[in-house]
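K.L.:
One structure follows; several queries about it will come next.
The values are calculated or read from the model by the stated rules, or taken from the named source; none is laboratory data. Worth saying up front: this structure is predicted, and the values here are computed from it rather than measured. Ideal geometry is used to build each Cβ from the backbone, glycine not excepted, and the neighbour counts take in all protein chains shown.
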Amino acid sequence: MPKYIEINCKSACNKVVSSFLPYHFDLNIYRGCFHKCKYCFAQYSHKYMNSTDFFDEIYVKKNIVEVLEKQLISKRGKREVINLGGVTDNYQPIEKEYKLMPDIIKLLIKYKIPAIISTKSNLILRDFDLFAELSKVASVNVATTITTVNEKVRELIEPNASTSMERLNILKEFSKTNVLTGIHIMPIIPEITDSYSNLAELFSNAKDCNVNYYITDILNLRGETKINFFKFIKGKLPHLYNKINSYYNGAYINSNYENKLNNMLIKLKQKYPLKNKKYFLAEEISPKQLTLFE
Ligand code: SF4
């Protein structure tokens with residue numbers, strides 16, 4: 001089990017700098033994440049904690065609820081969108097014990113604050129009623145990130161997250177409410193999750209779950225992510241090492257590979273059109289921010 005360290009935060013949510021994202025603030029309860037995804041993009045964030053163990057030394061902002069309320073009061077009714085996560089997963093395993101999310105959602109209900117969340121954990125269903133209640137007073141978007149339908153692959157690359165079927169079930173449940181739902185098919189990992197059959201099954205499942213949108217993205221490998229990802233490939237899938245490595249120029253995938261994958265994705269989107277295509281609409285979201293969602 002990881003080591004959990006309680007800390008006090010000065011700020012519960014932080015302003016997001018990019019104007020292309022459909023939210024204004026990030027709120028991360030935990031620094032570090034026990035889902036242990038092998039491609040985790042957030043590992044860089046631990047250097048601000050003077051720690052190198054992103055997966056096994058996890059910081060818990062135990063005063064986050066009271067700090068959030070102070071921040072919301074200071075906004076005086078401004079209903080800017082909060083992304084419940086953004087760096088780490090607020091429904092990672094320790095949330096079962098700390099139970100900080102329910103009180104956070106209750107505050108969002110009280111102040112009518114729109115929210116977006118993406119998770120890999122079906123612990124979110126514990127708070128189903130609260131999200132449904134929030135969606136009656138503000139826009140809510142619940143998404144799950146799913147990379148593969150193959151459970152053996154999922155266990156290898158996202159060992160402590162919920163199964164892909166459990167994540168699809170989250171979408172099915174929320175699609176019965178006012179909550180907007182989306183599937184994040186990302187990162188698409190060359191040679192591991194990029195087969196036509198895997199992606200087609202994900203698109204088909206997304207359609208069956210009646211999601212409102214999907215996002216796709218290819219694996220980028222920056223900084224520690226690249227080092228640790230290739231350590232994992234060398235250890236567990238050594239036969240793929242050279243092949244995967246050959247697709248990358250530094251942190252980014254080469255354009256040949258990218259073009260081929262994008263063509264496949266275009267065909268899949270045409271083959272599995274969404275019945276109920278809708279975008280996250282919250283107050284103060286500009287049209288250009290919506291381009292992220294398809
Ligand atoms: S759920 Fe997100 S933050 Fe957590 S380990 Fe996986 S990629 Fe990293």
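K.L.:
Regarding the stretch 104-118, can at least one residue be identified that is in a strand (DSSP E or B), touching a helix residue (DSSP H, G or I) at 6+ places or on another chain (Cβ under 7 Å) and small (Gly, Ala, Ser)?
P.N.:
Checking the stretch 104-118: at least one residue is in a strand (DSSP E or B), touching a helix residue (DSSP H, G or I) at 6+ places or on another chain (Cβ under 7 Å) and small (Gly, Ala, Ser).
K.L.:
Then there is this: What is the residue count in the stretch 186-201 for residues that are under 17 Å from Lys269 (Cβ atoms) and charged (D, E, K, R)?
P.N.:
2
K.L.:
Filter the stretch 183-215 for residues that are assigned to a strand (DSSP E or B) and at pLDDT below 95; which is surrounded by the most Cβ atoms within 10 Å (Cβ to Cβ)?
P.N.:
Filtering first and then ranking leaves Tyr214.
K.L.:
Something else now. If you check Lys172 against the conditions, is it basic (Lys, Arg), within 15 Å of the ligand (Cβ to nearest atom), in a helix (DSSP H, G or I) and over 16 Å from the mean Cα position of the chain (by Cα)?
P.N.:
no
Yes or no, residue by residue, for (1) β-branched (Val, Ile, Thr); (2) surrounded by fewer than 21 Cβ atoms within 10 Å (Cβ to Cβ); (3) at pLDDT below 95:
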site: Pro93; (1), (2), (3): no, yes, no
site: Ile109; (1), (2), (3): yes, yes, no
site: Ile116; (1), (2), (3): yes, no, no
site: Lys120; (1), (2), (3): no, no, no
site: Thr144; (1), (2), (3): yes, no, no
site: Glu151; (1), (2), (3): no, yes, no
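K.L.:
Would you call Ile73 surrounded by 22 or more Cβ atoms within 10 Å (Cβ to Cβ), among the hydrophobic types (A, V, I, L, M, F, W, C) and outside any loop (DSSP other than H, G, I, E, B)?
P.N.:
no
K.L.:
Another one. Only one of these is over 19 Å from the mean Cα position of the chain (by Cα) and either in contact (Cβ under 8 Å) with a residue 60 or more places away in the chain or at positive phi (or both): Phe232, Phe203. Name it.
P.N.:
Result of the check over Phe232, Phe203: Phe232.
K.L.:
Looking only at the stretch 38-69, which residues are assigned to a helix (DSSP H, G or I), without any contact (Cβ under 8 Å) to a residue 60 or more places away in the chain and within 25 Å of Val142 (Cα to Cα)?
P.N.:
The answer is Ala42, Ser45, Ile64, Val65, Glu66, Val67, Leu68, Glu69.
K.L.:
Any idea which residue in the stretch 7-37 is surrounded by the fewest Cβ atoms within 10 Å (Cβ to Cβ), counting only those that are not in a loop (DSSP other than H, G, I, E, B) and not charged (D, E, K, R)?
P.N.:
The qualifying residue surrounded by the fewest Cβ atoms within 10 Å (Cβ to Cβ) is Ile7.
K.L.:
Mind checking whether some residue in the stretch 134-155 is within 14 Å of the ligand (Cβ to nearest atom), of a type in the set (A, V, I, L, M), under 24 Å from Phe34 (Cβ atoms) and out of contact with any Pro (no Cβ under 9 Å at 6 or more places or on another chain)?
P.N.:
Scanning the stretch 134-155, I find at least one residue that is within 14 Å of the ligand (Cβ to nearest atom), of a type in the set (A, V, I, L, M), under 24 Å from Phe34 (Cβ atoms) and out of contact with any Pro (no Cβ under 9 Å at 6 or more places or on another chain), so the answer is yes.
K.L.:
Conditions first: (1) touching a residue at least 60 places away in the same chain (Cβ under 8 Å); (2) farther than 19 Å from Lys110 by Cβ. Cys13 passes all but one, so which condition is the exception?
P.N.:
Unmet condition: (2).
K.L.:
Here's a follow-up. Pick from the stretch 265-280 the residues that are assigned to a helix (DSSP H, G or I) and surrounded by 11 or more Cβ atoms within 10 Å (Cβ to Cβ): which of them is modelled with the lowest pLDDT?
P.N.:
Looking at residues that are assigned to a helix (DSSP H, G or I) and surrounded by 11 or more Cβ atoms within 10 Å (Cβ to Cβ), I get Lys269.
K.L.:
I'm checking my understanding of the structure. Among residues of the stretch 5-21 that are at pLDDT 95 or above and in contact with a strand residue (DSSP E or B) (Cβ under 8 Å, 6 or more places away or on another chain), which one is nearest to Phe55 (Cα to Cα)?
P.N.:
The residue in question is Ile5.
K.L.:
Which residues, counting only those in the stretch 115-131, are under 22 Å from Met165 (Cβ atoms) and away from the ligand (no atom under 15 Å from the Cβ)?
P.N.:
Once the filter is applied, which keeps residues that are under 22 Å from Met165 (Cβ atoms) and away from the ligand (no atom under 15 Å from the Cβ), the stretch 115-131 yields Leu125, Arg126, Asp127, Phe128, Phe131.
K.L.:
Another question, if that's okay. Looking only at the stretch 23-57, filter to residues that are farther than 16 Å from Lys3 by Cα and among the hydroxyl-bearing types (Ser, Thr, Tyr); which one of those is farthest from the ligand (Cβ to nearest atom)?
P.N.:
Ranking the qualifying residues of the stretch 23-57, first place goes to Tyr23.
One line per residue, one yes/no per condition, for (1) at pLDDT below 95; (2) in contact with a Gly (Cβ under 7 Å, 6 or more places away or on another chain); (3) closer than 16 Å to Met186 by Cβ:
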{"position": "Glu224", "(1), (2), (3)": "yes, no, no"}
{"position": "Ile233", "(1), (2), (3)": "no, no, no"}
{"position": "Lys236", "(1), (2), (3)": "no, no, no"}
{"position": "His239", "(1), (2), (3)": "no, no, no"}
{"position": "Ile244", "(1), (2), (3)": "no, no, no"}
{"position": "Ile253", "(1), (2), (3)": "no, no, yes"}
{"position": "Tyr257", "(1), (2), (3)": "no, no, yes"}
{"position": "Lys260", "(1), (2), (3)": "no, no, no"}
{"position": "Asn263", "(1), (2), (3)": "no, no, no"}
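K.L.:
Restricting attention to the stretch 68-97, report how many residues are away from the ligand (no atom under 16 Å from the Cβ), of a type outside the set (Asp, Glu) and touching a strand residue (DSSP E or B) at 6+ places or on another chain (Cβ under 8 Å).
P.N.:
Selection size over the stretch 68-97: 2.
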